[in-house]
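Each remark here refers to the structure printed beneath this line.
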Amino acid sequence: MKIAILGDIHGNIEALKVAYNAAFSQKVEKIYHLGDLGGYAPFVNEVVDFLIEHRIEGVQGNYDDAVANDKEHCGCKYEDQIQAEIATLSFEWTKKHATEKSKKYMKALPFDIAFSVHDRKVKIFHATPLKNNLYWHEDRDDDFYLHMARKAEANIMIYGHTHIPYRKNIGDKIFINAGSVGKPKDRDTRTCVCIVDITPDNVNTEFLRIPYDVEKVASAIIESGLPSHLADRLMMGK
């Protein structure tokens with residue numbers, strides 16, 4: 001079974017369109033998204049409409065939960081006070097501009113999706129199998145990985161939230177962070193699509209990086225009234 005994973009779109013419809021076309025060109029059997037559909041870029045409603053139109057299933061991110069339920073905080077982590085203030089402005093902007101249709105869609109998203117392929121149990125979630133706002137960076141120790149695997153009750157775990165792609169194998173467990181479609185943080189401005197091909201003998205993972213019109217989205221961020229700092233970071237892949 002060959003699937004495509006679209007992580008952390010964050011209101012970037014231009015990146016989503018390119019990512020979808022790239023996934024479709026790989027002749028995947030299924031496409032999933034990892035939530036966090038709004039925030040940072042202004043096209044939250046367009047992203048939701050696109051996912052509905054193309055029947056792309058997915059899970060609920062911390063941002064989706066916070067926007068849909070009108071929470072005071074998105075559950076995000078910040079590097080400094082300035083970043084925290086800017087992210088708060090972005091969160092409030094998204095809550096204000098997300099339509100009831102978008103909020104209803106985000107509210108109804110499941111916490112995780114589970115299925116089996118060739119006797120391997122696969123689980124897809126936003127951040128961890130326990131909480132959708134816990135940061136699971138690659139440098140976590142093996143004990144943490146194996147603890148998450150026990151909680152997920154899966155052989156293959158696919159998730160995002162950190163916006164930095166990686167794969168790690170520990171024994172018969174495979175851990176895949178799909179990266180981010182709309183807001184990469186690995187200093188690569190290109191959109192990221194994760195392709196996972198599960199065969200009877202192997203699990204192959206490929207991270208496709210495809211350029212898109214970053215400048216167009218950066219301009220839209222500024223024109224929407226969102227902080228220009230968000231446009232600057234998008235242009236730097238941060």
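Every number in this text was worked out from the coordinates using simple rules, so none of it is lab data. Remember, predicted model here, so these are calculated numbers, not experimental data. Cβ sites come from the backbone with ideal geometry, for glycine too, and all protein chains shown count toward neighbours.
Round to a whole angstrom and tell me the spacing of the C-alpha centers of the range 32-77 and the range 172-238. So the separation of the two Cα centres works out to 15 Å. With each label modelled as a point 7 angstrom along the Cα→C-beta vector, the residue 73-residue 141 pair spans 2.7 nm. Label-to-label distance for residue 30 and residue 185 is 2.8 nm, based on points extended 7 Å past Cα in the beta-carbon direction. Under 12 Å Cα-Cα from residue 71, which aspartates and glutamates qualify once same-chain neighbours fewer than 8 residues away are excluded? Of all the aspartates and glutamates, those that pass the test against residue 71 - Cα under 12 Å, at least 8 places apart if same chain - are 92. Note that the range 111-123 has calculated 3J(HN,Hα) couplings of 5, 8, 10, 10, 7, 10, 9, 6, 6, 9, 8, 10, 10 Hz, one per residue in order, obtained from phi through the Karplus relation 6.51 cos²θ - 1.76 cosθ + 1.60 (θ = phi - 60°); glycine and proline are x. In this structure, the amide hydrogen of residue 58, modeled 1.01 Å from its nitrogen in the peptide plane, lies closer than 5 angstrom to those of 33, counting only residues at least 5 positions away or on a different chain. For the chain, the longest principal axis of the C-alpha atoms and the axis of helix 142-152 are separated by about 90°. Taking the C-alpha atoms only, the angle from helix 13-25 to the longest principal axis of the chain is near 30 degrees. For the chain, set up a GNM with springs between Cα atoms under 10 Å and report which of 179, 38, 225 has the largest fluctuation. Comparing 179, 38, 225 in the GNM, the peak value goes to 225. Lysine pair count for the range 136-238 with Cα-Cα distance under 29 Å and sequence separation of 8 or more or different chains is 14.
When DSSP beta bridges are limited to those with both residues in the range 2-236, what percentage is antiparallel, rounded to the nearest 5? That works out to approximately 65 percent antiparallel. Per residue, the average separation of C-alpha pairs within less than 8 Å and at least 6 apart gives the range 99-238 a relative contact order of 16 percent.
From its DSSP helices (H runs of at least four residues, each -39,500 (n - 2.57)), the chain gives a residue-normalised ellipticity at 222 nm of -11000 deg cm²/dmol.
Computed 3J(HN,Hα) for the range 54-66, one whole-Hz value per residue from the Karplus formula 6.51 cos²θ - 1.76 cosθ + 1.60 where θ = phi - 60°, is 9, 6, 8, 6, x, 10, 8, x, 4, 5, 4, 4, 5, glycine and proline marked x.
Candidates 74, 16, 157 compared by Cα position along the dipole of the range 2-236: farthest toward the positive end lies 157, with charges placed on Cβ. Net length available on complete extension from residue 82 to residue 21 is 18.4 nm, with 0.36 nm assigned per residue and the Cα-Cα distance removed.
Mean sequence separation of contacting Cα pairs (under 8 Å, at least six apart), scaled by the length of the chain, corresponds to a relative contact order of 24 percent.
Which label belongs to the value computed from this structure, given these candidates for Cα Rg over 2.2 N^0.38 Å: [x] 1.12; [y] 1.00; [z] 0.95? It is the one labelled [z].
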